[in-house]
């Protein structure tokens, strides 16, 4: 029995008790992890293909160790120009051992629910009711307040003139 599973953004063909080097996982060494993004399962010739993943299938593994991969040298050169750059890096890896492949009945890992953002309804209620000071309001809000109060000729006024006109209409 083997499965094709997506682990840390890459697809791997895995079988039971197989050791695989994957991109660094955030869990500690010795802990168990499960991957529910199984794309294909083969159980002795009985092949299941997911669209995109198989519902209820799961691969569980144990993290054996965290390590750094071999050094990779990146060499760039432009001929006849005198341009040479040599860089390199070592990739951070995790070695995992596949413990179990479950074809169906596995529970999906629940993701943390993010709190819903409350939508502010500033368009329905002008800020004049919330704010005591007219100088804190924008010109557009002052113009809408002037329109509600029935003032005329407010469209060409500046902010200071709008505030003065609104205060004069109150008294």
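The values are calculated or read from the model by the stated rules, or taken from the named source; none is laboratory data. All values derive from a computational prediction rather than experimental measurement. Cβ sites come from the backbone with ideal geometry, for glycine too, and all protein chains shown count toward neighbours.
Just to be sure, is residue 36 at pLDDT below 95, surrounded by fewer than 14 Cβ atoms within 10 Å (Cβ to Cβ) and under 20 Å from residue 99 (Cβ atoms)? No.
Restricting the range 122-134 to residues that are farther than 16 Å from residue 168 by Cβ and over 39 Å from the mean Cα position of the chain (by Cα) leaves a set whose member that is modelled with the lowest pLDDT is 132. Within the range 120-145, residues that are farther than 25 Å from residue 156 by Cβ reach no partner that is assigned to a loop (DSSP other than H, G, I, E, B) and modelled with pLDDT of 85 or more with beta carbons closer than 7 Å at six or more positions or on different chains. Here residue 17 meets each of (1) in contact (Cβ under 8 Å) with a residue 24 or more places away in the chain; (2) surrounded by 11 or more Cβ atoms within 10 Å (Cβ to Cβ) with one exception, condition (2).
Please work out if residue 30 is in a loop (DSSP other than H, G, I, E, B) and surrounded by 12 or more Cβ atoms within 10 Å (Cβ to Cβ).
Values: in a loop (DSSP other than H, G, I, E, B): yes; surrounded by 12 or more Cβ atoms within 10 Å (Cβ to Cβ): no.
So residue 30 fails the test.
When residue 94 is tested against (1) part of a loop (DSSP other than H, G, I, E, B); (2) surrounded by 10 or more Cβ atoms within 10 Å (Cβ to Cβ); (3) modelled with pLDDT of 95 or more, only condition (1) is not met. Is at least one residue of the range 73-85 loosely packed, with under 10 Cβ neighbours inside 10 Å, part of a strand (DSSP E or B), at pLDDT below 95 and out of contact with any helix residue (DSSP H, G or I) (no Cβ under 7 Å at 6 or more places or on another chain)? Checking the range 73-85: not a single residue is loosely packed, with under 10 Cβ neighbours inside 10 Å, part of a strand (DSSP E or B), at pLDDT below 95 and out of contact with any helix residue (DSSP H, G or I) (no Cβ under 7 Å at 6 or more places or on another chain). Hey, could you check the range 135-151 for residues that are surrounded by fewer than 10 Cβ atoms within 10 Å (Cβ to Cβ) and touching a helix residue (DSSP H, G or I) at 6+ places or on another chain (Cβ under 9 Å) and say which is modelled with the highest pLDDT? Applying the filter and picking the extreme gives 150.
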